[in-house]
Amino acid sequence: MATDSILRPGELKDILLKEIAAADLADIDVAEVGSILEVKDGIARIWGLNSAMAGEMLEITSSDTGDSVTGLALNLEEDNIGAVILGDYLVLREGDEVRRTGRVFEVPVGPEMVGRVVNPLGEPIDGLGPIDAKLTRKVESVAPGIIARQPVTEPLQTGVKAIDSMIPIGRGQRELIIGDRGTGKTAVAIDAIINQKGHDVICVYVAIGQKASTVAGVVEKLKEHDAMEYTIVVSAAASDPAPLQYIAPYSGCAMAEYFMYEKGGATLCVYDDLSKQAAAYRQLSLVLRRPPGREAYPGDVFYLHSRLLERAAKLSDARGGGSLTALPIIETQGGDVSAYIPTNVISITDGQIYLVGDLFYSNIRPAIHAGISVSRVGGNAQIKAMKKVAGTLRLDLAQYRELEAFAQFGSELDAATQKQLSRGERVVEILKQPQYAPMSVEKQVVVLYAVSNGYIDEIPVEEVQKWESDYLSFMDAKHADILEAVRTQKNLDDGRGEAIGKTLKEFNALR
């Protein structure tokens, strides 16, 4: 037996007295009632629940206030249980009564949750009254197997030109958003949520370890764009105990899974961010005296994230065809993607969107580094029209970055190199996009068609963004039928490409 779980003499005496008392009252079953041996830092050691299950909900009654607090059994040792307290552990004392519930930890789910801000236990924290949810779902559930899935082929449009063209995301994919602090990671995820308006996608935004004021700001932005109508916000703020921050992503995932499994719908889950969840789990594990490993994280920190992200899937038609798309966010320190948690999550996900501080401060926003960013689903998750116009985009950008460094030496450049540099400058400019302004896929297609086919090579770089907004206004006013055809047919066949070319010539002639 490990030395840290040996009982102190005082504890032993109390337990023996209780055993003797229980022996006198043979008709009373005390197997399902235990008591707290010690409580500290959100963790309680509990004696007396010999048949408790791992992950079971425990009901702890405070002798001071009479309130009950939920506990979650994590460590099952020979003579005691290590449980995390999902609530205020400061009201608990040694000797407080603990009861088994016989239920594995679950949260309320259902359409009643949509539009609400809740904590990881599913309790409302938005001041809009109680939630009358009829159903519950286990927070930890097994990820669907291979037979239950189908390949990711249906696009999930984020409305961000740089992502939808070069790093496309499909329904059922897990795409990591990674970058340093303050490079616009949350902004990309919020844009993706706002862009789901009218696409029958239920979104879940999980905020882990963030300031309550930051979460309130996100909720206000979502309300402003009518996105709360299809979004659930799960918040475990920085002031909340570590157990709530640890459980938050699983709770959010369970809420989304209801719509995927029971309704056959499409869902999008944003975990913002998993670095803070890993830190909370490290805190819990150290207090539970689990052996620390690399960077003091416990040995199962990889499993912590893999069992969460593997629950994202595109279900087979036999299982209803629902999907859960995961956008986990990881914060790096000084651009170090080779640190422990970033490499773990990169290896679990189907690609990453890498945001760079240098680009962000150069006013290239979203600050996506196209060279390192990748989607392992690729063109499978793009409509044919987008695949056609965006085919050369990444190459143009990569060649431009290489030539840009070379051109700084000020040597004489031949006409072909100058042309490539000129095209690259315009590609960079066209991929810039303001925050909270996602663009529909058909508008992205016509704009990228213009830049790929050289229709804006003569436009001065500083006027490219104005040209773009003017051209889109022109298309809305004069050629809405072409936009509608691209949106519904999803390809550039039947002369649609030539038609877009004609509109570009017509518009450029008007300038």
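So F105 clears everything in (1) at pLDDT below 95; (2) at positive phi; (3) touching a helix residue (DSSP H, G or I) at 6+ places or on another chain (Cβ under 9 Å) except one condition, right? Which one? In the conditions (1) at pLDDT below 95; (2) at positive phi; (3) touching a helix residue (DSSP H, G or I) at 6+ places or on another chain (Cβ under 9 Å), F105 misses (2) alone. Scanning segment 417-455 for residues being of a type in the set (S, T, Y), open to solvent by 50 Å² or more (accessible area, probe 1.4 Å) and part of a helix (DSSP H, G or I) gives a total of 0.
The one condition from (1) out of contact with any helix residue (DSSP H, G or I) (no Cβ under 7 Å at 6 or more places or on another chain); (2) open to solvent by 70 Å² or more (accessible area, probe 1.4 Å) that R487 does not meet is (1).
Across segment 456-484, the number of residues qualifying as surrounded by fewer than 13 Cβ atoms within 10 Å (Cβ to Cβ) and among the β-branched types (V, I, T) comes to 1. So in segment 243-283, with the set limited to residues that are touching a Phe, Trp or Tyr at 6+ places or on another chain (Cβ under 8 Å) and within 23 Å of R294 (Cβ to Cβ), which one is most open to solvent (accessible area, probe 1.4 Å)? Among those residues, the one meeting the criterion is R282.
Within segment 126-169, the set of residues being closer than 26 Å to G184 by Cα, open to solvent by 10 Å² or more (accessible area, probe 1.4 Å) and among the aliphatic types (A, V, I, L, M) comprises just one member, M166.
Within segment 36-50, how many residues are over 20 Å from D14 (Cβ atoms) and open to solvent by less than 60 Å² (accessible area, probe 1.4 Å)? Walk me through it before giving the result.
Of all residues in segment 36-50, those over 20 Å from D14 (Cβ atoms) come to 41-42.
In the following step, the residues that additionally are open to solvent by less than 60 Å² (accessible area, probe 1.4 Å) were identified as 42.
Final tally of qualifying residues: 1.
Which residue, of A143, A162, is touching a residue at least 60 places away in the same chain (Cβ under 8 Å), in a loop (DSSP other than H, G, I, E, B) and within 21 Å of the chain's Cα centre (by Cα)? Before the answer, list the steps.
Working: A162 fails: in a loop (DSSP other than H, G, I, E, B).
Just a single option satisfies the conditions, and that option is A143.
Quick grid of which residues meet (1) over 17 Å from I348 (Cβ atoms); (2) not polar (S, T, N, Q):
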site: S251; (1), (2): yes, no
site: S275; (1), (2): no, no
site: R290; (1), (2): yes, yes
site: Y303; (1), (2): no, yes
site: A312; (1), (2): no, yes
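Can you tell me which residue is farthest from A207 (Cα to Cα) among those in segment 247-280 that are charged (D, E, K, R) and assigned to a helix (DSSP H, G or I)? Before you say what the answer is, go through the steps one by one.
Of the residues in segment 247-280, the ones charged (D, E, K, R) are 257, 262-263, 272-273, 276.
Then drop every residue that is not assigned to a helix (DSSP H, G or I), which leaves 257, 262, 276.
Values: E257: 18, E262: 25, K276: 10 Å.
Selected residue: E262.
Within segment 211-224, can one find any residue that is out of contact with any strand residue (DSSP E or B) (no Cβ under 8 Å at 6 or more places or on another chain), polar (S, T, N, Q) and assigned to a helix (DSSP H, G or I)? Yes, segment 211-224 contains a residue that is out of contact with any strand residue (DSSP E or B) (no Cβ under 8 Å at 6 or more places or on another chain), polar (S, T, N, Q) and assigned to a helix (DSSP H, G or I). Across segment 13-29, what is the number of residues that are surrounded by 13 or more Cβ atoms within 10 Å (Cβ to Cβ), within 46 Å of the chain's Cα centre (by Cα) and either at pLDDT below 60 or farther than 18 Å from L76 by Cβ (or both)? Looking only at that region, the number is 0. Residues that are hydrophobic (A, V, I, L, M, F, W, C) and farther than 20 Å from R426 by Cα within segment 476-511 comprise A477, A480, I482, L483, A485, V486, L492, A499, L510, listed in sequence order.
Checking the structure you have, find out if any residue of segment 194-213 is farther than 23 Å from P241 by Cβ and among the acidic types (D, E). The answer is yes; a qualifying residue exists.
Scanning segment 289-339 for residues that are charged (D, E, K, R), touching a residue at least 60 places away in the same chain (Cβ under 8 Å) and closer than 17 Å to K185 by Cα yields a count of 1. The residue that is farthest from L274 (Cα to Cα), among those in segment 340-362 that are assigned to a loop (DSSP other than H, G, I, E, B) and in contact (Cβ under 8 Å) with a residue 12 or more places away in the chain, is V356. For segment 87-123, filtering for residues that are open to solvent by 10 Å² or more (accessible area, probe 1.4 Å) and outside any loop (DSSP other than H, G, I, E, B) leaves 15.
Filter segment 298-317 down to residues that are open to solvent by less than 20 Å² (accessible area, probe 1.4 Å), closer than 26 Å to V39 by Cβ and not in a helix (DSSP H, G or I), then give me how many there are. The number of residues fulfilling the criteria is 1. Among the residues of segment 370-380, those identified as assigned to a loop (DSSP other than H, G, I, E, B), over 13 Å from K161 (Cα atoms) and within 22 Å of the chain's Cα centre (by Cα) are I372, S373, R376, V377.
Based on what the data block shows, is I208 crowded, with 23+ Cβ neighbours inside 10 Å, under 13 Å from D273 (Cβ atoms) and at pLDDT 95 or above?
Numbers: crowded, with 23+ Cβ neighbours inside 10 Å: yes; under 13 Å from D273 (Cβ atoms): yes; at pLDDT 95 or above: yes.
Yes: the conditions hold for I208.
In segment 188-203, how many residues are open to solvent by less than 20 Å² (accessible area, probe 1.4 Å) and touching a Phe, Trp or Tyr at 6+ places or on another chain (Cβ under 9 Å)? Summing the residues that are open to solvent by less than 20 Å² (accessible area, probe 1.4 Å) and touching a Phe, Trp or Tyr at 6+ places or on another chain (Cβ under 9 Å) in segment 188-203 gives 8.
For segment 333-376, residues that are more than 25 Å from Y436 (Cβ to Cβ), among the hydrophobic types (A, V, I, L, M, F, W, C) and open to solvent by less than 30 Å² (accessible area, probe 1.4 Å) total 4.
Of the candidates S35, S51, the single residue that is in contact with a Phe, Trp or Tyr (Cβ under 7 Å, 6 or more places away or on another chain) and farther than 21 Å from L286 by Cα is S35. Could you run through segment 70-86 and say how many residues are closer than 12 Å to I46 by Cβ, part of a strand (DSSP E or B) and open to solvent by less than 50 Å² (accessible area, probe 1.4 Å)? The number of residues fulfilling the criteria is 10. Those residues that are more than 19 Å from H225 (Cβ to Cβ) and either part of a loop (DSSP other than H, G, I, E, B) or open to solvent by 10 Å² or more (accessible area, probe 1.4 Å) (or both), I need them from segment 170-187; list them, please. The answer is R171, G172, Q173, R174, E175, D180, R181, G182, T183. Checked against the criterion of being among the charged types (D, E, K, R) and modelled with pLDDT under 95, the candidates D358, D317 yield just one match: D358.
The values are calculated or read from the model by the stated rules, or taken from the named source; none is laboratory data. The structure presented is a predicted model; accordingly, all values stated were derived computationally and were not measured. Ideal geometry is used to build each Cβ from the backbone, glycine not excepted, and the neighbour counts take in all protein chains shown. Accessible surface areas use protein heavy atoms only, side chains included; no ligands, DNA or RNA. Shrake-Rupley method; radii C 1.70, N 1.55, O 1.52, S 1.80 Å.
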